[in-house]
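I have placed the structure first, in the form of structure tokens, so that the comments after it can refer back to it.
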Amino acid sequence: MSENIDTTKAVEIADGVYWIGFYDKGAGFHCNPYLIVDGDEAVLIEPGSVPHFPMVLSKLCRLIPFEKITKILVSHQDPDLCAGIPKFEELVYGCGGKLEIVTHSRASVLIAHYGIRSPFYQVDQNDWKLTLKSGRELTFIFSPYLHFPGAFMTYDSKTKILFSGDLFGAFSFDWNLYANEYYTEAMKAFHENYMPGNRILRAAMDKLDSFDISMIASQHGSIINRDVKKYIDTLRDLDCGDYVFTPGQD
């Protein structure tokens, strides 16, 4: 890791938005939990797995009291981003707080099997939007089958950050918090293996054209904080999934 950034602490990537992950030197597949602090409430995004819980907690507890977390947002149901939710619920409810789990209805059916006690806020049943107490709006962009039928991305209108879930993630042992000159190839390697096909991927990238995006904060890999359009166009044209692995396909 070549950046001069102290990743043992929470990193503020925009005003009131924090990366609260950790640098796992032995991993080629990094996970990125985030926190939005907005007035007297906070949204925890893709909080992580059970093994990652102590590291995420060590940063979270230095930023806000637990009862300030009112929402946990997860783009799909995989254990690397939401198996730790019950542990965070214990902290929030133990301090007298209340929570909603923000996700797609298809994902909520599976997330419930982690032992969730909080009610679900289903994005597809709420006009694909969530308005916080301050009036700040989160817009959800449906990205089905990338790589889950109910997958979606989240756009924060205040900071113009796109929290992209698995999209724009990467495989890399040469990890940086922010995307370096090698990130495009690492991103391609991930999507070629995890995303089902170019037609579906292209449709999701086309949806992003109507958004003014300052930064892409993916759940895996690195944060894209410059040349955003270059990375969108790279995925728009990428051969992946069935196209790559089906012999004889034109």
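Backbone phi angles across the range 64-74, fed through the Karplus curve with coefficients 6.51, -1.76 and 1.60 (θ = phi - 60°), yield HN-Hα couplings of 8, x, 4, 5, 6, 6, 10, 9, 10, 9, 9 Hz in residue order; Gly and Pro are listed as x. Put simply, the amide H of I45, placed in the peptide plane, has neighbours under 5 Å in Y34, L35, I36, L73, leaving out anything fewer than 5 places away on its chain.
Applying 1/(1 + (r/R0)^6) with r as the Cβ-Cβ distance of A189 and R117 and R0 = 25 angstrom yields a FRET efficiency of 0.10. Computed from the alpha carbon positions, the gyration tensor of the range 1-103 leads to an equivalent ellipsoid with semi-axes of 21, 16, 12 Å, biggest first. Only alpha carbons enter this Debye calculation for the range 98-172, each as an equal point scatterer, and the log10 of I(q)/I(0) it gives at q = 0.20 Å⁻¹ is -0.94. Residue by residue, the range 195-207 carries 3J(HN,Hα) couplings of 9, x, x, 5, 4, 6, 5, 4, 4, 5, 5, 4, 5 Hz when phi is fed to the Karplus relation 6.51 cos²θ - 1.76 cosθ + 1.60 (θ = phi - 60°); x denotes Gly or Pro.
Cβ-to-Cβ counts within 10 Å put C61, C82 in ascending order as C61, C82, the fewest first.
Take every pair of alpha-carbon atoms less than 8 Å apart whose residues are at least six positions apart; their mean separation over the length of the range 11-245 yields a relative contact order of 16 percent.
Close amide-amide hydrogen proximity is noted between L146 and A151, each under 5 Å apart and 5 or more residues distant or on a separate chain (H modeled in the peptide plane; Pro and chain starts excluded).
Loop-located trypsin sites (Lys or Arg not before Pro) in the range 84-185 (DSSP state other than H, G, I, E, B) with a sparse environment of at most 16 neighbouring Cβ atoms within 10 Å: K98, R117, K133, K160. May I ask for the distance between the Cα centers of the range 159-189 and the range 4-73, given as a whole number of Å? Centre-to-centre (Cα) distance: 17 Å.
Ranking of Y194, Y18, Y34 by neighbouring Cβ atoms within 10 Å, starting from the fewest: Y194, Y18, Y34.
Bear in mind these aren't lab numbers, they're just calculated from the coordinates by the rules spelled out. These numbers come from a predicted model, not from an experiment. Here the Cβ is made from the backbone with ideal geometry for all residues, glycine too, and neighbour counts use every protein chain on show.
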